[in-house]
1. Can you tell me which residues in the stretch 92-133 are touching a Lys or Arg at 6+ places or on another chain (Cβ under 8 Å), within 13 Å of GLU149 (Cα to Cα) and in a strand (DSSP E or B)?
2. Quick one: is SER132 touching a residue at least 12 places away in the same chain (Cβ under 8 Å), loosely packed, with under 14 Cβ neighbours inside 10 Å and out of contact with any helix residue (DSSP H, G or I) (no Cβ under 9 Å at 6 or more places or on another chain)?
3. Mind checking which residues of the stretch 135-158 are over 24 Å from the mean Cα position of the chain (by Cα), surrounded by 13 or more Cβ atoms within 10 Å (Cβ to Cβ) and free of Cβ contacts under 8 Å to residues at least 40 places away in the same chain?
4. How many residues are closer than 18 Å to ALA113 by Cβ and either assigned to a helix (DSSP H, G or I) or hydrophobic (A, V, I, L, M, F, W, C) (or both) if we restrict to the stretch 1-28?
5. Every residue in the stretch 43-68 that is modelled with pLDDT under 95 and surrounded by 15 or more Cβ atoms within 10 Å (Cβ to Cβ), please.
6. Restricting to the stretch 45-88, count the residues that are in contact (Cβ under 8 Å) with a residue 60 or more places away in the chain, more than 14 Å from ILE158 (Cβ to Cβ) and charged (D, E, K, R).
7. Among the residues of the stretch 1-38, which ones are within 25 Å of ILE120 (Cβ to Cβ) and without any contact (Cβ under 8 Å) to a residue 12 or more places away in the chain?
Amino acid sequence: MKKVPLTVAGEALLKEELQRLKSVERPSVIAAIAEARSHGDLSENAEYEAAKERQGFIEGRIAELEAKLSNAQIIDPSTLDAEGRIVFGSTVTLLDCDSEEEVRYQIVGEDEADIKLGKISVNSPIARALISKEEGDVAEVQAPGGVREFEVIAVQYI
(Lines give C-alpha, C1' and ligand atoms only; values in the text may rest on other atoms or scores of the structure.)
Protein backbone atom coordinates (compact mmCIF):
# COMPACT_ATOMS: atom_id res chain seq x y z
CA MET A 1 0.00 0.00 0.00
CA LYS A 2 1.33 3.45 -0.85
CA LYS A 3 2.20 6.04 1.77
CA VAL A 4 -0.50 8.55 2.69
CA PRO A 5 0.93 12.05 3.24
CA LEU A 6 -0.43 13.78 6.36
CA THR A 7 0.54 16.89 8.27
CA VAL A 8 1.03 16.59 12.02
CA ALA A 9 -2.35 18.31 12.54
CA GLY A 10 -4.01 15.93 10.08
CA GLU A 11 -2.62 12.92 11.93
CA ALA A 12 -3.99 14.31 15.21
CA LEU A 13 -7.46 14.74 13.67
CA LEU A 14 -7.52 11.16 12.36
CA LYS A 15 -6.33 9.78 15.71
CA GLU A 16 -9.00 11.82 17.51
CA GLU A 17 -11.73 10.46 15.21
CA LEU A 18 -10.44 6.90 15.62
CA GLN A 19 -10.44 7.26 19.42
CA ARG A 20 -14.00 8.64 19.39
CA LEU A 21 -15.23 5.81 17.17
CA LYS A 22 -13.65 3.15 19.39
CA SER A 23 -14.53 4.62 22.79
CA VAL A 24 -17.92 6.29 22.15
CA GLU A 25 -19.56 5.20 18.90
CA ARG A 26 -18.73 1.48 19.01
CA PRO A 27 -20.04 0.91 22.59
CA SER A 28 -23.12 2.99 21.78
CA VAL A 29 -24.04 0.91 18.73
CA ILE A 30 -23.39 -2.35 20.62
CA ALA A 31 -25.83 -1.18 23.29
CA ALA A 32 -28.38 -0.25 20.61
CA ILE A 33 -28.10 -3.72 19.06
CA ALA A 34 -28.56 -5.36 22.46
CA GLU A 35 -31.62 -3.18 23.12
CA ALA A 36 -33.14 -4.01 19.73
CA ARG A 37 -32.51 -7.74 20.28
CA SER A 38 -34.40 -7.61 23.54
CA HIS A 39 -37.54 -6.60 21.60
CA GLY A 40 -37.87 -10.12 20.19
CA ASP A 41 -38.36 -11.06 16.52
CA LEU A 42 -35.35 -9.75 14.55
CA SER A 43 -36.81 -10.45 11.11
CA GLU A 44 -39.06 -7.38 11.24
CA ASN A 45 -37.07 -5.22 13.66
CA ALA A 46 -36.13 -1.94 11.98
CA GLU A 47 -34.18 -0.72 15.01
CA TYR A 48 -32.01 -3.84 14.88
CA GLU A 49 -31.37 -3.44 11.15
CA ALA A 50 -30.49 0.24 11.56
CA ALA A 51 -28.13 -0.50 14.44
CA LYS A 52 -26.42 -3.32 12.50
CA GLU A 53 -26.01 -1.00 9.49
CA ARG A 54 -24.52 1.70 11.74
CA GLN A 55 -22.19 -0.87 13.27
CA GLY A 56 -20.98 -1.86 9.79
CA PHE A 57 -20.28 1.77 8.95
CA ILE A 58 -18.38 2.36 12.21
CA GLU A 59 -16.28 -0.80 11.85
CA GLY A 60 -15.49 0.09 8.22
CA ARG A 61 -14.41 3.61 9.18
CA ILE A 62 -12.25 2.27 12.04
CA ALA A 63 -10.51 -0.11 9.61
CA GLU A 64 -10.04 2.70 7.08
CA LEU A 65 -8.55 5.08 9.67
CA GLU A 66 -6.23 2.40 11.08
CA ALA A 67 -4.98 1.59 7.57
CA LYS A 68 -4.38 5.26 6.75
CA LEU A 69 -2.55 5.89 10.00
CA SER A 70 -0.38 2.79 9.60
CA ASN A 71 0.58 3.91 6.09
CA ALA A 72 0.90 7.59 6.94
CA GLN A 73 3.95 9.62 6.11
CA ILE A 74 3.81 12.40 8.69
CA ILE A 75 5.21 15.71 7.52
CA ASP A 76 5.76 18.63 9.88
CA PRO A 77 5.60 21.79 7.73
CA SER A 78 7.54 23.81 10.34
CA THR A 79 10.62 21.60 9.84
CA LEU A 80 10.62 21.83 6.04
CA ASP A 81 13.39 23.61 4.19
CA ALA A 82 12.38 23.50 0.56
CA GLU A 83 14.35 26.64 -0.32
CA GLY A 84 11.23 28.66 -1.05
CA ARG A 85 9.58 26.06 -3.29
CA ILE A 86 5.99 24.98 -2.77
CA VAL A 87 5.84 21.44 -1.38
CA PHE A 88 3.37 19.33 0.61
CA GLY A 89 2.56 21.16 3.84
CA SER A 90 3.45 24.61 2.50
CA THR A 91 1.17 27.56 3.16
CA VAL A 92 0.99 29.74 0.07
CA THR A 93 -0.38 33.21 -0.52
CA LEU A 94 -1.57 33.68 -4.09
CA LEU A 95 -2.83 36.53 -6.18
CA ASP A 96 -5.61 35.62 -8.60
CA CYS A 97 -4.40 37.39 -11.75
CA ASP A 98 -7.97 37.85 -13.05
CA SER A 99 -9.76 39.17 -9.97
CA GLU A 100 -6.71 40.68 -8.18
CA GLU A 101 -7.93 38.83 -5.06
CA GLU A 102 -5.43 37.36 -2.60
CA VAL A 103 -6.03 33.84 -1.32
CA ARG A 104 -4.10 31.69 1.14
CA TYR A 105 -3.98 27.89 1.12
CA GLN A 106 -2.12 25.14 2.89
CA ILE A 107 -1.42 22.04 0.81
CA VAL A 108 -2.46 19.00 2.85
CA GLY A 109 -3.48 15.34 2.49
CA GLU A 110 -6.86 14.34 1.11
CA ASP A 111 -8.33 13.53 4.52
CA GLU A 112 -7.52 16.94 6.00
CA ALA A 113 -8.57 19.09 3.04
CA ASP A 114 -11.21 21.69 3.89
CA ILE A 115 -11.53 24.67 1.57
CA LYS A 116 -13.40 26.66 4.25
CA LEU A 117 -10.29 26.42 6.42
CA GLY A 118 -7.96 27.21 3.50
CA LYS A 119 -6.64 23.64 3.26
CA ILE A 120 -6.49 22.10 -0.20
CA SER A 121 -5.71 18.52 -1.13
CA VAL A 122 -2.30 17.81 -2.60
CA ASN A 123 -4.22 16.01 -5.38
CA SER A 124 -6.37 19.03 -6.31
CA PRO A 125 -5.73 20.75 -9.66
CA ILE A 126 -4.56 23.97 -7.98
CA ALA A 127 -2.12 22.16 -5.67
CA ARG A 128 -0.72 20.10 -8.55
CA ALA A 129 -0.16 23.32 -10.52
CA LEU A 130 1.55 24.98 -7.53
CA ILE A 131 3.95 22.20 -6.48
CA SER A 132 7.61 23.24 -7.02
CA LYS A 133 6.73 26.87 -7.86
CA GLU A 134 8.47 29.72 -5.99
CA GLU A 135 7.64 33.30 -5.03
CA GLY A 136 7.03 35.38 -8.15
CA ASP A 137 6.12 32.39 -10.33
CA VAL A 138 2.76 32.22 -12.07
CA ALA A 139 0.82 28.95 -12.00
CA GLU A 140 -1.81 28.12 -14.60
CA VAL A 141 -4.67 26.09 -13.19
CA GLN A 142 -7.17 24.25 -15.36
CA ALA A 143 -10.46 25.10 -13.67
CA PRO A 144 -14.00 24.16 -14.77
CA GLY A 145 -14.47 27.72 -16.06
CA GLY A 146 -11.22 27.65 -18.04
CA VAL A 147 -7.58 28.37 -17.29
CA ARG A 148 -6.91 30.64 -14.29
CA GLU A 149 -3.59 32.17 -13.39
CA PHE A 150 -2.26 32.64 -9.87
CA GLU A 151 0.90 34.51 -8.95
CA VAL A 152 2.76 33.13 -5.94
CA ILE A 153 3.12 35.99 -3.43
CA ALA A 154 4.58 34.07 -0.47
CA VAL A 155 5.56 30.53 0.54
CA GLN A 156 5.64 29.64 4.23
CA TYR A 157 6.38 26.45 6.15
CA ILE A 158 4.22 26.86 9.26
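The values are calculated or read from the model by the stated rules, or taken from the named source; none is laboratory data. What you see is a predicted model; the values in this text were computed from it and never measured. Note: ideal-geometry Cβ built from the backbone for every residue, glycine included; neighbour counts use all protein chains shown.
1. LEU94, ASP96 - these are the residues of the stretch 92-133 that are touching a Lys or Arg at 6+ places or on another chain (Cβ under 8 Å), within 13 Å of GLU149 (Cα to Cα) and in a strand (DSSP E or B).
2. Spelling it out, SER132 is indeed touching a residue at least 12 places away in the same chain (Cβ under 8 Å), loosely packed, with under 14 Cβ neighbours inside 10 Å and out of contact with any helix residue (DSSP H, G or I) (no Cβ under 9 Å at 6 or more places or on another chain).
3. ASP137
4. Count: 12.
5. The answer is ASN45, TYR48, ALA51, LYS52, LYS68.
6. Number of matching residues: 2.
7. ALA12, GLU16
Table: residues versus (1) touching a helix residue (DSSP H, G or I) at 6+ places or on another chain (Cβ under 6 Å); (2) in the same structural domain as VAL29 (by TED's automatic domain parsing); (3) in a helix (DSSP H, G or I); (4) more than 29 Å from LEU18 (Cα to Cα).
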| position | (1), (2), (3), (4) |
| --- | --- |
| GLU44 | no, yes, no, yes |
| GLU47 | yes, yes, yes, no |
| GLU53 | no, yes, yes, no |
| PHE57 | no, yes, yes, no |
| GLU64 | no, yes, yes, no |
| ARG85 | no, no, no, yes |
